Amino acid sequence: GNSVTQMEGPVTLSEEAFLTINCTYTATGYPSLFWYVQYPGEGLQLLLKATKADDKGSNKGFEATYRKETTSFHLEKGSVQVSDSAVYFCALSDQEYGNKLVFGAGTILRVKS
Amino acid sequence: KAGVTQTPRYLIKTRGQQVTLSCSPISGHRSVSWYQQTPGQGLQFLFEYFSETQRNKGNFPGRFSGRQFSNSRSEMNVSTLELGDSALYLCASSSQGGISYNEQFFGPGTRLTVL
């Protein structure tokens with residue numbers, strides 16, 4: 001079945017540091033890939049997405065590239081801010097039921113000033 | 001446009017009771033999906049409703065059920081509550097259903113605690 005594996009946290013960085021959160025997936029076919037962010041006490045917000053191989057999703061300084069050859073979708077940001085502190089989830093969409101999402105375990109990011 | 005709303009936001013129940021959670025999707029959205037979020041299992045898909053029909057179901061016991069009304073509002077019900085049902089239940093709405101992904105918008109969730 002489909003699955004998503006992402007690096008365990010928490011990840012603790014100083015403000016303006018470079019961020020990478022690794023995500024790999026297992027799926028038949030070519031799913032769409034996503035990064036969601038969850039702030040304390042809130043639901044999930046879509047951060048970025050990519051729908052086919054070599055697509056790059058980007059939003060608010062975050063980027064991720066759909067790598068079919070390595071089945072990866074790593075999240076990067078060049079300079080993190082304290083306000084980026086949150087839980088980040090990598091996810092893929094089921095190929096048969098597009099609205100069904102399979103999530104990774106989530107990675108807690110803490111940014112210190 | 002108002003976002004996805006979920007009621008209640010917090011709920012405390014005891015083992016053996018049943019509970020009903022409500023989700024109102026974004027106006028015009030016809031698909032509603034439910035997810036359970038726990039520290040141990042993470043985010044898991046429960047089911048999706050589209051135009052009052054259940055389209056897909058995750059691997060949960062029959063104690064978990066849901067329905068969707070003609071105005072697209074959805075409810076999920078958990079009967080005979082167990083301690084392990086304590087979780088954040090998230091609802092997501094999207095405009096369409098189908099094979100292709102349609103952007104989903106999540107509500108803030110209902111935090112259920114089973115004592």
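Every number here is computed from the coordinates shown, using simple stated rules; none is lab data. Every value quoted in this text rests on a predicted model; they were computed, and no experiment measured them. In this analysis, Cβ positions are derived from the backbone assuming ideal geometry, glycine residues included, and neighbour counts consider all displayed protein chains.
Return the FRET efficiency for the residue pair A:SER83, B:SER79: r is the Cβ-Cβ distance, R0 is 41 Å, and the value is rounded to the nearest 0.05. It comes to 0.50. Cross-link partners for A:LYS112 among the lysines, with Cα-Cα distance under 30 Å and sequence neighbours closer than 8 places in the same chain left out: A:LYS49, A:LYS56, A:LYS60, A:LYS77. For A:LEU47, the residues 5 or more places off, or on other chains, whose built amide H falls under 5 Å of its own are A:TRP35, A:TYR36, A:VAL37.
The mean sequence distance of close C-alpha pairs (under 8 Å, at least 6 residues apart), as a share of the length of chain B, puts its relative contact order at 36 percent.
With a Förster radius of 30 Å applied to the beta-carbon distance between A:ILE108 and A:THR26, the computed FRET efficiency rounds to 0.80. Database remark: amide H of A:ALA86 closer than 5 angstrom to the amide H of A:LEU109 (H placed geometrically; neighbours at sequence offset of 5 or more, or on other chains; Pro and chain starts carry no H). In sequence order, region B:17-25 has phi-based couplings of 6, 10, 9, 10, 10, 10, 9, 10, x Hz under the Karplus curve 6.51 cos²θ - 1.76 cosθ + 1.60, θ = phi - 60°, and Gly or Pro positions carry x. 3J(HN,Hα) along region B:32-41, derived from phi through the Karplus expression 6.51 cos²θ - 1.76 cosθ + 1.60 where θ = phi - 60°, amounts to 10, 10, 10, 9, 10, 10, 10, x, x, 9 Hz, with x in place of Gly and Pro.
Taken residue by residue and averaged, Cβ atoms of other chains lying within 10 Å of the Cβ of A:2-12 number 0. 3J(HN,Hα) along region B:66-82, derived from phi through the Karplus expression 6.51 cos²θ - 1.76 cosθ + 1.60 where θ = phi - 60°, amounts to x, 7, 10, 9, 5, 8, 6, 4, 10, 10, 10, 10, 10, 9, 6, 4, 10 Hz, with x in place of Gly and Pro.
List the aspartates and glutamates whose Cα lies under 19 Å from the Cα of A:LYS100, skipping any in the same chain that are fewer than 8 positions away. A:LYS100 reaches B:GLU48, B:GLU52, B:GLU75, B:GLU103. Under a 5 Å amide H cut-off, with hydrogens placed 1.01 Å from N, B:ASN56 pairs with B:GLU48 among residues at least 5 apart or on other chains.
When only Cα pairs below 8 angstrom with a gap of at least 6 residues are kept, chain A shows a relative contact order of 36 percent.
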